[in-house]
Amino acid sequence: MEQLFRLKQRRTNIKTEIAAGVATYFSLLYIISVIVAMMTEAGIKEEAAFSSVVFSSGIGCIIMGLLANYPVALAPSLGVTALFSSTICGRMGYSWQAGLAAVFVEGILFLLIALTGVRKEIMLSIPSHLKNAISAGIGFFLAFIGLKNCGIIVSDEHNFVALGKIFDAEVMVSILGIVILLLLIIRKIKFPIIKGMAATAVIGLIVSFFSDSAHLPRIPHGNFFLQLTDANFGAYTTGFFELFSSLNVVTIVISILFVDFFDTTGTLIAVISRSKLPTVNGEPENLDRALMSDALGTMVGAVLGATSVSSYVESEAGIESGGRTGLTAVTTGILFLFSIFLYPIFSLMTVCVTSPVLVIVGSLMVHQFAKIDWGNYTEAVSSFATVIMMLLTYSIADGIAFGFIIYGLASLFHGRYKDVSPLMWVMIGLFAIYFLLI
């Protein structure tokens, strides 16, 4: 154990690491229900989605712990899952099998980036304001999905969107869920999202006795245990032909890669910098191994039927509890694997329970907007285009594409085209071709 995780070198012990892994698990537990709810929107059965999420999260955490020795937990990415369900399988009309095939291909590219060391070139080629705009835009997008799914916002033939029926039972429960989460976060209560979801589920159960709404939580009946035959293991293989039948595959894979790459890299650097782990040339030790772990986790996730597995900032809960090694992540991973037996509890987390989480988590991601120089018109217009087009096209991929193209045009008009890296021009060109062909 000492040789594997270097416990003494990092001034920790087995007991502390296990306790930290438990803390991380409970801080991240909410993500299972949220991701499953989003995956069912793409047409995946709830039982299969649940199995895929818990297994991919568990294995991803274990890979991170063993390969990189990081106390960082992995689970299917909120941003990539939103891209998967709302854009690829939603607006673009691909099957979820094709979507999983795209995630697998992206995982291979991510692994190549980590192995070849071109990570820094990619990070340097894309301006920081676009990275921040993508992150903030995904926050807006997640919040919009949450508001739409719970019925607070509905489609309207005259105004495109409008306020829903606030006094419907499921809408009222969702609004109460948002209020509860807001209260817990502002008061800095420990594990606010888990406690907020639990409280919302209890309220929903009570309301369900007086309403027949299908979106309210209800006490499950019948077989409480999942069958492995319900899982989507290997289903991604049937989606390759559909995925590569159109040039859209380029935009789809690049968009998933951008979201996953920047989310993972930013999260790892932010979380590990607070953990006081060893650094090399100003970067966290074994960062490339951590990226490799993320890429392998993504590929494993696709094989198991889940979307891109990514690092989560909730890992800070374990780090604050003393977690300093991969044993923390391994502990979290084992607990995720055992979560397969908790399906009856998670089946209570219906859309009116998970949607408030998307609204709150999305709102917390918007703080990246503060890092954009709004006095610089090139930054401002390309950042604004990224976010507004994500929302209005209901597509993260299209938002990224518009933002890149607008940035290229604005730089060209300002006579600063030399400031744009050659790799960035290549990506702008690919996005422009994509729009010409659709």
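The values are calculated or read from the model by the stated rules, or taken from the named source; none is laboratory data. These numbers come from a predicted model, not from an experiment. All Cβ positions, even for glycine, are placed from backbone atoms using ideal geometry, and neighbour counts span all protein chains on display. Only protein heavy atoms, including side chains, enter the accessible area calculation; ligands, DNA and RNA are left aside. Shrake-Rupley method; radii C 1.70, N 1.55, O 1.52, S 1.80 Å.
Might you check whether a residue that is open to solvent by 30 Å² or more (accessible area, probe 1.4 Å), in a loop (DSSP other than H, G, I, E, B), of a type in the set (A, V, I, L, M) and under 30 Å from residue 247 (Cα atoms) occurs anywhere in region 416-438? Scanning region 416-438, I find at least one residue that is open to solvent by 30 Å² or more (accessible area, probe 1.4 Å), in a loop (DSSP other than H, G, I, E, B), of a type in the set (A, V, I, L, M) and under 30 Å from residue 247 (Cα atoms), so the answer is yes.
So which of 108, 122, 126 ends up being of a type in the set (A, V, I, L, M, F, W, C) and either open to solvent by less than 10 Å² (accessible area, probe 1.4 Å) or without any contact (Cβ under 8 Å) to a residue 60 or more places away in the chain (or both)?
None of the other options fit; the residue is 126.
Matching residues to (1) closer than 18 Å to residue 80 by Cα; (2) part of a helix (DSSP H, G or I); (3) in contact with a His (Cβ under 9 Å, 6 or more places away or on another chain):
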site: 4; (1), (2), (3): no, yes, no
site: 12; (1), (2), (3): no, no, no
site: 16; (1), (2), (3): no, yes, no
site: 21; (1), (2), (3): no, yes, no
site: 33; (1), (2), (3): yes, yes, no
site: 39; (1), (2), (3): yes, yes, no
site: 43; (1), (2), (3): yes, no, no
site: 48; (1), (2), (3): no, yes, no
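Residues of region 4-17 that are modelled with pLDDT of 90 or more and surrounded by 18 or more Cβ atoms within 10 Å (Cβ to Cβ): 16, 17. Checking each residue in region 269-312 for being at pLDDT 90 or above, assigned to a helix (DSSP H, G or I) and of a type in the set (Val, Ile, Thr) picks out 298, 300, 303.
Checking 359, 330 one by one, the residue that is open to solvent by less than 30 Å² (accessible area, probe 1.4 Å), more than 30 Å from residue 174 (Cβ to Cβ) and touching a residue at least 60 places away in the same chain (Cβ under 8 Å) is 330 and no other.
Here 174, 211 are screened, and the one residue that is in contact (Cβ under 8 Å) with a residue 24 or more places away in the chain, among the polar types (S, T, N, Q) and part of a loop (DSSP other than H, G, I, E, B) is 211. Residues of region 233-242 that are touching a Gly at 6+ places or on another chain (Cβ under 8 Å) and either charged (D, E, K, R) or buried (at least 20 other Cβ atoms within 10 Å of the Cβ) (or both): 235, 236, 239. Residues in region 364-383 that are farther than 18 Å from residue 258 by Cα and modelled with pLDDT of 90 or more: 372, 373, 374, 375, 376, 377, 378, 379, 380, 381. Within region 148-155, identify whether any single residue is in contact (Cβ under 8 Å) with a residue 12 or more places away in the chain, open to solvent by 60 Å² or more (accessible area, probe 1.4 Å) and in contact with a helix residue (DSSP H, G or I) (Cβ under 8 Å, 6 or more places away or on another chain), and answer yes or no. There is no residue in region 148-155 that is in contact (Cβ under 8 Å) with a residue 12 or more places away in the chain, open to solvent by 60 Å² or more (accessible area, probe 1.4 Å) and in contact with a helix residue (DSSP H, G or I) (Cβ under 8 Å, 6 or more places away or on another chain). State all residues of region 369-401 that are outside any loop (DSSP other than H, G, I, E, B), open to solvent by 30 Å² or more (accessible area, probe 1.4 Å) and either in contact (Cβ under 8 Å) with a residue 40 or more places away in the chain or not β-branched (Val, Ile, Thr) (or both); if no residue qualifies, say none. Result: 369, 370, 371, 377, 379, 384, 389, 391, 392. Residues in region 70-105 that are open to solvent by 10 Å² or more (accessible area, probe 1.4 Å) and not in a helix (DSSP H, G or I): 4 in all.
I need the full set of residues from region 402-415 which are assigned to a helix (DSSP H, G or I) and either open to solvent by less than 70 Å² (accessible area, probe 1.4 Å) or of a type in the set (Phe, Trp, Tyr) (or both), in order please. Passing the criteria: 402, 403, 404, 405, 406, 407, 408, 410, 411, 413.
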